[in-house]
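Right, one structure below, let's go through it.
The values are calculated or read from the model by the stated rules, or taken from the named source; none is laboratory data. Quick caveat: nothing in here was measured; it's all calculated off a predicted structure. Heads up, the Cβs are rebuilt from the backbone with ideal geometry, glycines too, and the neighbour counts pull from every protein chain shown.
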């Protein structure tokens, strides 16, 4: 990995919400290395919590080793995306094995979003309907696409994004860690700009709070990430808090300089 690092600030928080007995979300991040992972578990009686924790701990450990390694030169972007994808696939294998080995974990699964910053780019991989957003110049845009039944119906033209918000379609995830022995991981590479804010979140936020409201909260508190994270969670609870709510925010304070090298 390159010695040149963007200057970042990362924070996160997770909340049980108002309707659930357990919090089956799990988050992890390390500001100094520019890595962050979020998972939203599913499965009966805490099994989802086990899957989410396994996913975050496994992927975070591998990203930590990569980001803190002293390699000779920078890893290419394509290889970095492949590495992120492979770490998520490895986590899927571990979850499937644990599910087979322990009766209380049968059928457990989890979504995941994992991100690592290298140089002036953010590299991410995801499975499921947890999301990665980019807030830039007062505009919030979604970087990831949900792996869900609703998203499939939107893609096929049955609903617009707005119509889907009120559609009576079951909340079905079409891709998750733990559901199959092989998992397809989508990856994204985003060129960063100074003052960008990246948001990683579970659907406990986005099911309750619209994108324009999320953008408004970030805009009002853009220099105070801890306050932003807390206000996003509070807003989701204000509108019903039907699920666990988790957010990770990453602020790009400054980018590495390559001139005159």
Checking the condition in contact (Cβ under 8 Å) with a residue 40 or more places away in the chain and not in a loop (DSSP other than H, G, I, E, B), which residue from 233, 217 passes?
233
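Test of understanding: among 238, 195, 227, which residue is without any contact (Cβ under 8 Å) to a residue 60 or more places away in the chain and in contact with a strand residue (DSSP E or B) (Cβ under 8 Å, 6 or more places away or on another chain)? Walk me through how you get there before you give the answer.
Values: 238 fails: in contact with a strand residue (DSSP E or B) (Cβ under 8 Å, 6 or more places away or on another chain); 227 fails: in contact with a strand residue (DSSP E or B) (Cβ under 8 Å, 6 or more places away or on another chain).
Within the list 238, 195, 227, the selection yields 195.
Across region 116-145, which residue is farthest from residue 178 (Cα to Cα) among those that are free of Cβ contacts under 8 Å to residues at least 60 places away in the same chain and surrounded by 19 or more Cβ atoms within 10 Å (Cβ to Cβ)?
Of all residues in region 116-145, those free of Cβ contacts under 8 Å to residues at least 60 places away in the same chain come to 127, 137, 141, 143-145.
So of that shortlist, the ones also surrounded by 19 or more Cβ atoms within 10 Å (Cβ to Cβ) come out as 127, 143-144.
On the way: 127: 11, 143: 24, 144: 20 Å.
My answer is 143.
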Filter region 218-227 down to the residues that are within 24 Å of residue 165 (Cα to Cα) and surrounded by 18 or more Cβ atoms within 10 Å (Cβ to Cβ) and list them by number.
218
Give me the residue from region 26-42 that is in contact with a helix residue (DSSP H, G or I) (Cβ under 6 Å, 6 or more places away or on another chain) and under 25 Å from residue 106 (Cα atoms) and, out of that set, surrounded by the most Cβ atoms within 10 Å (Cβ to Cβ).
39
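Just checking, which of 179, 246 is surrounded by 18 or more Cβ atoms within 10 Å (Cβ to Cβ) and in a loop (DSSP other than H, G, I, E, B)? Outline the logic, then answer.
Numbers: 246 fails: in a loop (DSSP other than H, G, I, E, B).
That would be 179, the only listed residue that is surrounded by 18 or more Cβ atoms within 10 Å (Cβ to Cβ) and in a loop (DSSP other than H, G, I, E, B).
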Subset of region 147-168 [at pLDDT 85 or above, in a helix (DSSP H, G or I) and under 16 Å from residue 210 (Cβ atoms)]
150, 154
